[in-house]
Structure formats: structure tokens, C-alpha cells
Amino acid sequence: VTVAQSTAEKYKCDLLILGMFAETKRLPAEYSAIDKSAGGVISELIKLGDFSGKANETLLLYPKGKIACKRILIVGFGDRDKFELNVLRQAAGTSAKLVEKTGSAKCGCALHLLLAKKFSAEQIAQAIAEGAITGRYAYQDYVSEADDKKKGIGKLQIVIVDNSASIVKKLRAGCNVGSIIGESQNHTRMIANKPGNEINPASLSREAQKLARKVGLKCQVFDERQLAKMKMNAIIAVGSGSANKPRLVVLTYQGNRSKKTIDAAVVGKAITFDSGGICIKPSAGMEAMKFDKSGGCAVLGIMSAVARLKLKLNVVGLIPSAENLPSQTSYRPGDIIRTYSGKTVEVQNTDAEGRMILSDALNYVAKKKPGAIIDMATLTGACVIALGNHHAGLFSNDEGLAKRLLEAGQRSGEKVWRLPCGEEYLEQMKSKIADLKNIGGREGGPCTAAAFLGEFVEGCPWAHIDIAGMADTNEEKPYRSVGATGFPVRMIVEYLRAISK
Ligand code: BES
Ligand code: ZN
Ligand code: ZN
């Protein structure tokens, strides 16, 4: 996605993308020059009323006259008063997916023309770039007949065109930010989609090292021997059932060398496959548990974006990773684990493993006293029951942090809904024979899990995002493919951009 200075009607391309609101009864003034040089096809369309303008509805026009493009694609913006940047993100994604089918390689894009009054050019171009880049991604690594066009991102060119030099400058800045964020989110999806026979804790760590070299991050990988020496006994316990031994990845970005302190830490659960362990899960749907590494994959995308955006912040990313399998060497129900923090945990269910590995990683980073800790995890099935596939659960011990994350969710279109995790919930996690137990009963499952995590953050401002319902999807949307979604990369990068300003 790039930006060029030109009028839309003079821009030579295979296809020109325009937006239209629902209930459009008259040709918008912004389109009058385009319509005139296209032989009036747009005003004709409006007159005949053939296009509803519903969000993500599309229509292809074949213009007559002297316009420089071969085709015009109109995409619906929905109701004018319900419009938000996420509608634009989706419109861009819908368009990017569709133009491929027309064989158009170079598309002009003037989706911003109707939006100039409501949003800045930077915001608009960012949303277009994010939508087009994430909209076009699909996981095709193992599909033999998939051609290169479907496999790779990069052959389609979308060029946002505007005739004003000052607007072009702003569009370029937003486009650059949106491209980095979109590519980072796709990187997260690319790794999260990989199956358990390809991604295990060691190969995930190699992916982290590869990425770190590429974008300029420091990367430390602690293997099972180092983890044992450090007394990361919860990570060790969860990983003990698999021949694929656990790892802890620590990525460091120093964007503010004038201080040593850490502004924010992001921690992501990376269970490369969650069978449940000795408390084995039912077989139906178990294949989706390859997505149990999604939190950790999100950390990769976030850290990559932070480095490429050169944010003036110090950020660390932690990825505790293990494979949860049943075997002769697995941890068992009844085991008592002395975690890295020194607190002991009675294991009552080996399938509640995410909170175990997170407890060690959270406590390790909390001891460095970062300004904020944000963890993300496919932690509880109960969170999916509570919030469905539309919001992730947000839990926090800090009002300011919670508010900033809720706002970042709104801006990025990756929404979170706050749930409680206070004292009452912690009560449910107390064990009779250890400091804590790892399950708290069916009632308030996402909240008791969060309360457990909160015991390991040493009083730091902390937020936990339960992404169990958001990390992957079976539902193909016009702007989104099935599989890993890359949630909440956009949201967290948006939060970090805001605190860096
Ligand atoms: N990875 C699962 C949670 C999950 C379930 C994510 C469904 C996505 C979709 C987690 O490790 C788990 O198994 N949690 C248990 C906790 C229970 C034993 C307290 C659950 O949700 O059933
Ligand atoms: Zn589990
Ligand atoms: Zn899990």
C-alpha cells in the first residue's frame, strides 16, 4: 500500500476503489470530477438505486469516457452516523480481497475522499493500509494447488491517490504506520496458524530469534536447563509431559536510551499444543488447540511493530512456551509446584496450564518493575461463553491502564470488555495445602483465572486480556480469512503508540 499525488480520474490503474454510504441519493461532490470523466456511471448507479451502500457490499463498474482506470469498485460504508474507522478497515479489506479476482494488479484507492471531515488523513490512511494488508492474508502454506498469488502478500499494489501535496504527506505517514501494523499482525497470524508438528517451543523460539535479527530486537532464549536453574518450576511442570521441551523467550526493545527503566512489558501464553495433559480434553475440536500459542505469537507481532515504528519507549516481550501433553513424565493433578515467585500451587487440573506458565513469566518481569504489564492468553473456555467472539476479556488492577486499553480497543477495532478479578475471586483460588490452587470452580472461571495471575505481578500496574474467543475464527468474512486473527496486535500497538506520545 503506497500513496501517490494525482487526481483519482487521472490515475492510471487497473481498478479504482471508491466508498459510498448507505442511502446515497445524490452524487457526492467529492466524486463529481471522477463521475464526469467516467461518462456518468456513478451518478447513473445512484439514480437507478442499484447499490445499497451496506458495509462491505461491493459493485464493479466499467467506466466509459476519458478516466484513466479500467474498472471502478464501489464499496459500501454503511450508515453515515454509524461510521467508524473499523468500517473503513473492513472496506479496504473487502476491496483488497475482491480485486484479486478481477486480476487487477495495480489499484488506485480514493476511499478517503468522503471521510475528510470526520478523520485525519493519517488515521484514514492507517486504517486503509491495515485493512488491505490484513484483509488479503490467508494461510495457504500446505495447500498444494494454491498459486503464488494466493500464497504471498505483496503482488497487489494499492495506491492511495490525492491531488494535494500536503494531504499526500499526511496520507504517507499514516500509510507507513498502518502497513507496519498490518504486516506485524499478519506475521502473528502466519506463525499462530502453523500446526503443532511444525511449531513447538524450540521452533517458536527460533522464529523469535529470526524476527529479532530482522527488526533489531535483543532476543534471549532460556532452554529447559536454564529454566530449571532459574526455578521456573511452573513452566517446567507444564512442559514435562512432552519431548518438545519448554522455553522462555525474552525480547527487548530499547527505544529510549536515556533511561534504563521499562515502560511496558507484554507477556503472551504460548502453549504450542494444549491436549489438556493428564486431564485430557475431549477429541472434538482439539485440533483448534494449536491456537493456544496465540498470545505468544501476538507478542512477536507487537514487538516487531514497536521496533519498526521506532517508538520512543522501552518495551520487553516475554513468551513462556510449552507443549501440554499426557505421558509418563507429565505433571499430575495433586502435584504441588513451587513457582518462580516462591508461591506454591496445588495442581487440581493439568488443563489449567496457561496460568501456570504465565505465573513464572509474569513474576520474572514484575521483579524488573515495568511501568505496566500486559499479558494476553487464550486462557479460559468460559471467557468465550461469557463474551462470545466479539470482545476479549479485560482484567486489571489499575484504573488508568484499563481505561487506556479500552480506548485503544475502540481505536483499533479490536475490542475488549472489562470483567472483575478482585478479592472475592482470589478466595476461590486458595488451596488448603498450598498457597494457591490452579482452578477455582466453574463459577466466574475467567475472573478466578485472572485473580490467580494477579498474585504474581508484585503490585505492578497490570492488565490481562483473555483472548480465548478472539484468537482464531472458523467464520470466513469478506475482509478476513479463517484461522488465526492476530488479535490483539493492533490494539496493543495502538496503546503503546499512545503512551509514547
Ligand atoms: N487453552 C485452554 C482455554 C481455551 C478453551 C481456549 C477453548 C480457547 C478455546 C485452557 O488451557 C484451558 O484448557 N482452560 C480450562 C480451564 C479449566 C480447567 C479451569 C477451560 O477453559 O476449560
Ligand atoms: Zn488447557
Ligand atoms: Zn491452554
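Just a few scattered comments:
- Selection of the stretch 295-324 for residues being part of a helix (DSSP H, G or I) and touching a strand residue (DSSP E or B) at 6+ places or on another chain (Cβ under 6 Å) yields 295, 296, 298, 299, 302, 303, 306, 307.
- Selection count where residues are in contact with a Lys or Arg (Cβ under 9 Å, 6 or more places away or on another chain), over 19 Å from residue 360 (Cα atoms) and outside any helix (DSSP H, G or I), scope the stretch 201-246: 1
- Per the listing 298, 322, 305, the residue uniquely within 13 Å of ligand 1 (Cβ to nearest atom) and within 25 Å of residue 206 (Cα to Cα) is 322.
- Checklist (1) over 17 Å from the mean Cα position of the chain (by Cα); (2) surrounded by fewer than 24 Cβ atoms within 10 Å (Cβ to Cβ); (3) on the phi < 0 side of the Ramachandran plot applied to residue 444, failing item: (3)
- Of all residues in the stretch 329-359 being within 14 Å of ligand 1 (Cβ to nearest atom) and among the acidic types (Asp, Glu), the one that is nearest to residue 236 (Cα to Cα): 353
- The stretch 265-293 - residue that is more than 10 Å from ligand 3 (Cβ to nearest atom) and of a type outside the set (A, V, I, L, M) and, of those, nearest to residue 211 (Cα to Cα): 268
- Qualifying residue in the stretch 363-374 (condition: surrounded by fewer than 18 Cβ atoms within 10 Å (Cβ to Cβ) and in a helix (DSSP H, G or I)): no
- Once the stretch 315-354 is narrowed to residues that are more than 14 Å from ligand 3 (Cβ to nearest atom) and under 27 Å from the mean Cα position of the chain (by Cα), the residue that is surrounded by the fewest Cβ atoms within 10 Å (Cβ to Cβ) is 316.
- Taken together, the residues in the stretch 472-491 that are over 8 Å from the mean Cα position of the chain (by Cα), closer than 22 Å to residue 377 by Cα and not basic (Lys, Arg) amount to 8.
- Test: residue in the stretch 358-372 that is in contact (Cβ under 8 Å) with a residue 40 or more places away in the chain, in contact with a Phe, Trp or Tyr (Cβ under 9 Å, 6 or more places away or on another chain) and over 29 Å from residue 432 (Cα atoms): yes
- Close Cβ contacts (under 7 Å, 6 or more residues apart or on different chains) running from residues in the stretch 261-273 that are closer than 20 Å to residue 322 by Cα and charged (D, E, K, R) to residues that are assigned to a strand (DSSP E or B) and within 12 Å of ligand 2 (Cβ to nearest atom) comprise 269/377.
Bear in mind these aren't lab numbers, they're just calculated from the coordinates by the rules spelled out. Every value quoted in this text rests on a predicted model; they were computed, and no experiment measured them. With ideal geometry, Cβ positions are generated from the backbone for all residues, glycine too; neighbour counts draw on all protein chains shown.
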